[in-house]
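Enquirer: Structure provided below as structure tokens; questions to follow.
The values are calculated or read from the model by the stated rules, or taken from the named source; none is laboratory data. A quick note: this is a predicted structure, and the numbers were derived from the prediction, not measured. Quick reminder, even Gly has a Cβ in these numbers, built from the backbone with ideal geometry, and neighbours come from all protein chains shown.
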Number of protein chains: 2
Amino acid sequence: MSDGSKTQSGEERLIERLFRPIARHPGALGLRDDAALLSPPPGHDLVLTVDAIVAGVHFFSEDPPDTVARKALRVNLSDLAAKGSEPLGALLTLSIPVSTDEKWLEAFARGLGADCEHFRCPLLGGDLTRTAGPLTISVTAIGAVPAGKMVQRKGAKAGDAIVVTGSIGDAALGLMLRREPKRAALDRLPGTAKAHLADRYLLPQPRIALARALSEHASAAIDVSDGLAGDLAKIASVSGVRARFEAKQIPFSPGVRGAIGAEPGLLETALTGGDDYEIAATVSENHLKPLQAAAAEAGIDVTTIGRIEAGEGIEAIGLDGRPLTLRQASFSHF
Amino acid sequence: MSDGSKTQSGEERLIERLFRPIARHPGALGLRDDAALLSPPPGHDLVLTVDAIVAGVHFFSEDPPDTVARKALRVNLSDLAAKGSEPLGALLTLSIPVSTDEKWLEAFARGLGADCEHFRCPLLGGDLTRTAGPLTISVTAIGAVPAGKMVQRKGAKAGDAIVVTGSIGDAALGLMLRREPKRAALDRLPGTAKAHLADRYLLPQPRIALARALSEHASAAIDVSDGLAGDLAKIASVSGVRARFEAKQIPFSPGVRGAIGAEPGLLETALTGGDDYEIAATVSENHLKPLQAAAAEAGIDVTTIGRIEAGEGIEAIGLDGRPLTLRQASFSHF
């Protein structure tokens with residue numbers, strides 16, 4: 001048995017063919033070891049996050065494999081960005097049903113590799129397993145932030161402005177568009193608006209370019225993954241404050257604005273649906289301008305939508321200027 | 001909606017009730033944030049590993065939930081140990097079928113908490129998701145090793161001794177005992193031997209206590225998770241050498257010895273079956289005694305089973321002194 005190739009399992013063959021080519025960072029050790037090696041940058045803390053996405057729960061089985069891979073990585077990069085950290089690398093766990101063919105996995109690996117490069121987040125290691133269930137992808141992302149500067153959910157103070165990046169509600173309506181394409185409020189939107197919503201559901205845009213500025217200027221932050229209202233409630237809860245925000249200040253894309261215009265109840269969907277992957281942060285008076293300047297330089301819109309007050313919970317003001325009652329502040333699969 | 005409790009999802013409730021009590025490390029931020037915070041020890045490299053276990057593939061659905069949790073953590077601690085590193089913390093992804101009741105999850109969390117404490121590997125964060133498939137547990141473990149001292153698979157040199165910790169083949173025969181309890185060679189074993197084999201399959205013993213000594217004395221190492229023969233072949237392959245080992249030198253427990261005595265073909269099962277979670281290392285002449293002394297102090301058996309030679313692949317010598325031909329060097333689910 002001196003022929004090394006005879007000892008190679010199907011798992012090793014897949015790793016060698018699909019994942020080794022996209023894991024070129026020296027710490028990945030060519031994916032030929034039990035573990036990866038990472039020399040943390042001196043003077044920094046590490047930020048660690050893990051999120052899994054499951055076929056049929058977090059994405060559609062028929063989604064393009066490269067976007068599935070990108071989404072799995074990006075939802076984690078979004079967490080790193082919200083904490084003010086920049087990526088050092090990622091680990092992948094892929095649980096593969098027998099029905100998943102190698103072509104699918106090839107495209108998946110290609111998409112992952114492209115994003116790892118784009119976001120400078122090298123693939124360092126992982127694990128492939130078989131499953132009798134749906135395809136499941138778990139990504140662990142490791143980031144670095146200057147020591148003591150991680151932005152937590154805790155830290156919001158009365159008087160702080162509440163800001164959000166990008167636009168809110170696109171992904172929730174993009175998901176609705178997948179499920180109910182004939183719903184009048186959506187069906188009547190222009191094609192470009194529909195495409196924008198669909199794309200925003202499919203492919204989050206992690207705000208890594210704003211991470212450093214957040215670590216310098218935000219008092220608290222969260223990535224908006226479970227709905228703006230619920231995610232602000234989380235900041236309010238751990239910070240011991242109240243978050244008050246106004247719907248009319250929230251940045252909505254033309255598609256979301258049009259859909260709400262046609263069906264006012266969709267405002268609630270936009271405020272409580274998941275998958276925005278924007279960042280909601282609280283910022284004290286004197287840090288607001290520097291944060292906005294950094295955001296402008298990074299080409300990211302940052303909009304003030306409300307203010308932190310003494311108290312607890314959230315207060316959402318509707319488009320009519322009256323307090324909104326939301327049935328459920330955030331989306332949950334449980 | 002000023003009542004914070006209304007905004008809590010089922011996932012948050014589970015995290016709060018089951019996992020927050022076992023995640024007391026300050027870097028876990030009470031599991032109330034998007035990510036964990038870790039200050040890496042200065043002068044150290046990080047070792048990162050992730051392994052998933054799937055119900056029906058890596059463990060039996062009817063296994064006690066606390067041992068399932070322990071196994072999920074321990075298979076990763078075993079990787080850290082083999083690389084010469086000591087644990088800093090772990091992240092958990094749990095994909096839960098609707099059929100898994102909260103009692104099961106309670107016992108799971110209890111087992112995990114006990115092991116996190118025992119191995120000083122704090123739970124730092126994680127993610128809970130629903131799945132239509134089998135229960136899947138993915139653990140990412142982060143370890144630290146003095147800078148430049150990670151033990152890789154690469155590094156074995158001609159003349160090095162090959163050593164293994166503990167005993168080999170117990171878990172493979174323990175698994176066989178679960179599947180074929182009436183197989184004559186196993187059925188005739190004394191009850192204590194059977195219990196030992198079953199336990200070794202259920203609950204690996206990661207050799208964390210030997211990690212530091214390995215980082216000082218081993219030229220290469222791997223944790224024996226896919227079968228001794230195949231795992232030595234991996235060291236041989238990346239190190240560009242041949243691994244020659246003799247079955248009669250391999251430490252077998254009384255159960256394995258008895259089973260092989262009754263059915264000689266089970267030698268191959270012991271050498272190529274998975275789940276030992278012992279460590280196979282290569283050690284140069286002058287490092288062998290110090291490693292053995294450290295192992296003795298840690299209460300871990302270390303046995304020399306062969307030698308690294310120029311060449312490639314592995315050469316296994318059978319109990320009769322003649323070269324063994326193994327059908328498959330290691331176990332793979334693919």
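Enquirer: Please go through the range B:219-259 and give me each residue that is part of a loop (DSSP other than H, G, I, E, B), more than 16 Å from residue B:301 (Cα to Cα) and among the hydroxyl-bearing types (Ser, Thr, Tyr), ordered by number.
Expert: Residue satisfying the conditions is B:225 alone.
Enquirer: Please go through (1) in a loop (DSSP other than H, G, I, E, B); (2) surrounded by 21 or more Cβ atoms within 10 Å (Cβ to Cβ); (3) not hydroxyl-bearing (Ser, Thr, Tyr) for residue B:321 and return the number of the only condition it doesn't satisfy.
Expert: Single failed check for residue B:321: (2).
Enquirer: Let me ask you something else. Can you work out which of the residues in the range B:1-16 that are surrounded by 15 or more Cβ atoms within 10 Å (Cβ to Cβ) and touching a Ser or Thr at 6+ places or on another chain (Cβ under 7 Å) is modelled with the lowest pLDDT? Give the steps one after another, and end with the answer.
Expert: First pass over the range B:1-16, keeping only residues surrounded by 15 or more Cβ atoms within 10 Å (Cβ to Cβ): B:1, B:4, B:7-9, B:11-12, B:14-15.
From what is left, the residues that are touching a Ser or Thr at 6+ places or on another chain (Cβ under 7 Å) are B:1, B:4, B:7, B:9, B:11.
On the way: B:1: 29, B:4: 35, B:7: 49, B:9: 74, B:11: 83.
Result: B:1.
Enquirer: Sticking with this one: Confirm whether residue B:275 is in contact (Cβ under 8 Å) with a residue 12 or more places away in the chain, at positive phi and either outside any helix (DSSP H, G or I) or in contact with a helix residue (DSSP H, G or I) (Cβ under 8 Å, 6 or more places away or on another chain) (or both).
Expert: Against the criterion (in contact (Cβ under 8 Å) with a residue 12 or more places away in the chain, at positive phi and either outside any helix (DSSP H, G or I) or in contact with a helix residue (DSSP H, G or I) (Cβ under 8 Å, 6 or more places away or on another chain) (or both)), residue B:275 qualifies.
Enquirer: Please go through the range A:110-121 and give me each residue that is in contact with a strand residue (DSSP E or B) (Cβ under 9 Å, 6 or more places away or on another chain) and buried (at least 21 other Cβ atoms within 10 Å of the Cβ), ordered by number.
Expert: A:112, A:116, A:119, A:121
Enquirer: Check off (1) within 14 Å of another protein chain (Cβ to nearest Cβ); (2) out of contact with any Gly (no Cβ under 7 Å at 6 or more places or on another chain) for residue B:265 and give me the number that stays unchecked.
Expert: Condition not satisfied by residue B:265: (1).
Enquirer: Conditions first: (1) more than 7 Å from every other protein chain (Cβ to nearest Cβ); (2) in a strand (DSSP E or B). Residue A:50 passes all but one, so which condition is the exception?
Expert: Here residue A:50 meets the rest and fails (1).
Enquirer: Another question, then. Could you identify the single residue in A:41, A:26, A:65, A:21 that is at pLDDT 95 or above, over 21 Å from residue B:139 (Cα atoms) and within 10 Å of chain B (Cβ to nearest Cβ)?
Expert: Result of the check over A:41, A:26, A:65, A:21: A:41.
Enquirer: Hey, can you tell me all the residues within the range B:181-212 that are closer than 19 Å to residue B:290 by Cβ, surrounded by fewer than 24 Cβ atoms within 10 Å (Cβ to Cβ) and in contact with a Leu (Cβ under 9 Å, 6 or more places away or on another chain)?
Expert: The first filter runs over the range B:181-212 and keeps only residues closer than 19 Å to residue B:290 by Cβ, leaving B:207-212.
Adding the requirement that they be surrounded by fewer than 24 Cβ atoms within 10 Å (Cβ to Cβ) leaves B:208-209, B:212.
Hit for the range B:181-212 is B:208, nothing else.
Enquirer: State whether the residues of the range B:142-158 include one that is under 28 Å from residue B:66 (Cβ atoms), buried (at least 24 other Cβ atoms within 10 Å of the Cβ) and facing chain A (nearest Cβ under 9 Å).
Expert: yes
Enquirer: Has the range B:69-86 got any residue that is out of contact with any strand residue (DSSP E or B) (no Cβ under 9 Å at 6 or more places or on another chain), more than 8 Å from chain A (Cβ to nearest Cβ) and modelled with pLDDT under 95?
Expert: No; the residues of the range B:69-86 include none that is out of contact with any strand residue (DSSP E or B) (no Cβ under 9 Å at 6 or more places or on another chain), more than 8 Å from chain A (Cβ to nearest Cβ) and modelled with pLDDT under 95.
Enquirer: Report yes if residue B:210 is in a helix (DSSP H, G or I) and either of a type in the set (A, V, I, L, M, F, W, C) or away from every other protein chain (no Cβ under 12 Å) (or both), otherwise no.
Expert: Spelling it out, residue B:210 is indeed in a helix (DSSP H, G or I) and either of a type in the set (A, V, I, L, M, F, W, C) or away from every other protein chain (no Cβ under 12 Å) (or both).
Enquirer: Also: In the range B:17-57, what residues are more than 24 Å from residue A:123 (Cα to Cα), under 18 Å from the mean Cα position of the chain (by Cα) and buried (at least 21 other Cβ atoms within 10 Å of the Cβ)?
Expert: Across the range B:17-57, the qualifying residue is only B:55.
Enquirer: I need the full set of residues from the range B:216-228 which are over 16 Å from the mean Cα position of the chain (by Cα) and either within 12 Å of chain A (Cβ to nearest Cβ) or crowded, with 24+ Cβ neighbours inside 10 Å (or both), in order please.
Expert: We begin by selecting, within the range B:216-228, every residue over 16 Å from the mean Cα position of the chain (by Cα); these are B:216-220.
Listed by number, the residues that qualify are B:217, B:218, B:220.
Enquirer: Enumerate the pairs (first residue in the range A:77-93 and free of Cβ contacts under 8 Å to residues at least 24 places away in the same chain and under 17 Å from residue A:44 (Cα atoms); second residue anywhere and among the basic types (Lys, Arg) and part of a helix (DSSP H, G or I)) with beta-carbon separation below 6 Å, excluding pairs fewer than 6 apart on the same chain, so at least 6 apart or on different chains.
Expert: No pair meets every condition.
Enquirer: Report, by residue number, each residue of the range A:91-109 that is charged (D, E, K, R) and in a helix (DSSP H, G or I). Walk me through it before giving the result.
Expert: First pass over the range A:91-109, keeping only residues charged (D, E, K, R): A:101-103, A:106.
If the condition is that a residue be charged (D, E, K, R) and in a helix (DSSP H, G or I), then A:102, A:103, A:106 are the ones that fit.
Enquirer: Go through the residues of the range A:92-107 one by one and say whether even a single one is among the basic types (Lys, Arg) and buried (at least 24 other Cβ atoms within 10 Å of the Cβ). Give the steps one after another, and end with the answer.
Expert: Here is the first cut: in the range A:92-107, the residues among the basic types (Lys, Arg) are A:103.
Now restrict to residues that are buried (at least 24 other Cβ atoms within 10 Å of the Cβ): none.
Scanning the range A:92-107, I find no residue that is among the basic types (Lys, Arg) and buried (at least 24 other Cβ atoms within 10 Å of the Cβ), so the answer is no.
Enquirer: Please go through the range A:29-38 and pick out each residue that is within 22 Å of residue B:93 (Cβ to Cβ), within 7 Å of another protein chain (Cβ to nearest Cβ) and of a type in the set (A, V, I, L, M).
Expert: Result: A:35, A:36, A:38.
Enquirer: If you don't mind, another one. Could you tell me whether residue A:329 is in a helix (DSSP H, G or I) and buried (at least 24 other Cβ atoms within 10 Å of the Cβ)? Spell out the reasoning first.
Expert: Numbers: in a helix (DSSP H, G or I): no; buried (at least 24 other Cβ atoms within 10 Å of the Cβ): yes.
Answer is no for this residue.
Enquirer: Then there is this: Condition check: more than 30 Å from residue B:98 (Cβ to Cβ) and modelled with pLDDT of 95 or more. Does residue A:110 satisfy that?
Expert: Against the criterion (more than 30 Å from residue B:98 (Cβ to Cβ) and modelled with pLDDT of 95 or more), residue A:110 qualifies.
Enquirer: Here is a follow-up. Determine which member of the set B:297, B:216 is under 23 Å from residue B:141 (Cα atoms) and either part of a helix (DSSP H, G or I) or without any contact (Cβ under 8 Å) to a residue 24 or more places away in the chain (or both).
Expert: One residue alone meets the criteria, B:216.
Enquirer: Go through the range B:94-113 and report how many residues are in contact with an Asp or Glu (Cβ under 9 Å, 6 or more places away or on another chain) and free of Cβ contacts under 8 Å to residues at least 24 places away in the same chain.
Expert: 0
Enquirer: A follow-up question, please. For a quick check of your reading: which strands (runs of 3 or more DSSP E) sit entirely within the range A:110-179 and have at least 3 residues that are more than 30 Å from residue A:266 (Cα to Cα)? Let's see the steps before the verdict.
Expert: On the way: elements: A:123-130, A:136-146, A:161-165.
Fully inside the range A:110-179 and qualifying: A:123-130, A:136-146.
Enquirer: Continuing with this model, one more query. Of the conditions (1) out of contact with any His (no Cβ under 7 Å at 6 or more places or on another chain); (2) not in a strand (DSSP E or B), residue B:291 clears all except one; give me its number.
Expert: Checking residue B:291 against (1) out of contact with any His (no Cβ under 7 Å at 6 or more places or on another chain); (2) not in a strand (DSSP E or B), the one that fails is (1).
Enquirer: Select from the range A:110-154 the residues that are under 16 Å from the mean Cα position of the chain (by Cα), among the hydrophobic types (A, V, I, L, M, F, W, C) and under 14 Å from residue A:23 (Cβ atoms) and list them in ascending order.
Expert: A:112, A:116, A:121, A:139
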